[in-house]
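The values are calculated or read from the model by the stated rules, or taken from the named source; none is laboratory data. What you see is a predicted model, and the numbers here were worked out from it, not measured in a lab. Backbone-built Cβ (ideal geometry, glycine too); neighbour counts: all protein chains shown.
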Amino acid sequence: MKPGEIESTSFDIIDREVGQHDFNESQWTIVRRMIHTTADFEFKDMVCFHPQAVAAGLEAIRGGKMIITDTNMARVGIRTQELARYGTSVKCYINDPGIREIAESNGTTRAKAAVDMAADDMQGGIYVVGNAPTALLRLIELVKDARVRPALIIGLPVGFVNAAESKAALMEMDYPYISNIGRKGGSNLAAAVVNALTILAGKGPAV
């Protein structure tokens, strides 16, 4: 079986096992890819979308806006060749020179310091958090203070300390987000969401 056939068959299995759901077509394209990435059907009941999330993400991608990730793992999982047609680039600041020093001097995490460093580049773009709750919490703070305005926040940090809480805080805002309830998440999952949005961007304007 060829790779494309494997993916298609996997999606057919997911569709069959999930059955009816409340997502629209574009949202389901994203959730199905999340399930495909994790083999975890619980995401059907955990993923949450702001009403403008998909439209905002597609506009950012088609407009060639920057996509910023909190980890290099998420960055390398994103299909940059498909984004290149729009002039959209992907960047992660976590290993940029000076980040460690800034984090140590401020007594914070590199992920949080990287959010501050990325402030100018994230305007109108997509900020992707798949690992660090501290990054998401800092991003929420900057958005509330009107210091940054990304088009879309993909908030999927994973773990036991502040992961669920940071996502709950994100979903309390009236701001375009794609997130999930609970502790599950991850960089590979966050990359899968971007890849699904990229596929949708290539299919046309529907959201």
Has region 64-75 got any residue that is among the small types (Gly, Ala, Ser) and within 21 Å of Val31 (Cβ to Cβ)?
yes
Looking only at region 84-104, decide whether some residue is in contact with a strand residue (DSSP E or B) (Cβ under 8 Å, 6 or more places away or on another chain), small (Gly, Ala, Ser), modelled with pLDDT under 95 and farther than 17 Å from Asn195 by Cα.
no
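Would you be able to tell me the number of residues in region 171-188 that are in contact (Cβ under 8 Å) with a residue 12 or more places away in the chain and either out of contact with any helix residue (DSSP H, G or I) (no Cβ under 6 Å at 6 or more places or on another chain) or assigned to a loop (DSSP other than H, G, I, E, B) (or both)?
Final tally of qualifying residues: 12.
How many of the residues in region 56-84 are within 11 Å of the chain's Cα centre (by Cα) and assigned to a helix (DSSP H, G or I)? Quick ask: steps written out before the conclusion?
The first filter runs over region 56-84 and keeps only residues within 11 Å of the chain's Cα centre (by Cα), leaving 57, 67-70, 74-75, 78.
In the following step, the residues that additionally are assigned to a helix (DSSP H, G or I) were identified as 57, 74-75.
Result for region 56-84: 3.
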Mind checking which residues of region 178-196 are in contact with a Gly (Cβ under 7 Å, 6 or more places away or on another chain) and surrounded by fewer than 23 Cβ atoms within 10 Å (Cβ to Cβ)?
Arg183, Gly186, Asn188
Identify, from the list Gly125, Gly130, Gly155, Gly159, the residue that is small (Gly, Ala, Ser), surrounded by fewer than 18 Cβ atoms within 10 Å (Cβ to Cβ), in contact (Cβ under 8 Å) with a residue 24 or more places away in the chain and under 26 Å from Trp28 (Cα atoms).
Gly159
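When you look at Arg138, is it within 23 Å of Ala164 (Cα to Cα), in a loop (DSSP other than H, G, I, E, B) and at pLDDT 95 or above, yes or no?
Values: within 23 Å of Ala164 (Cα to Cα): yes; in a loop (DSSP other than H, G, I, E, B): no; at pLDDT 95 or above: yes.
No; evaluated as a whole, the condition is false for this residue.
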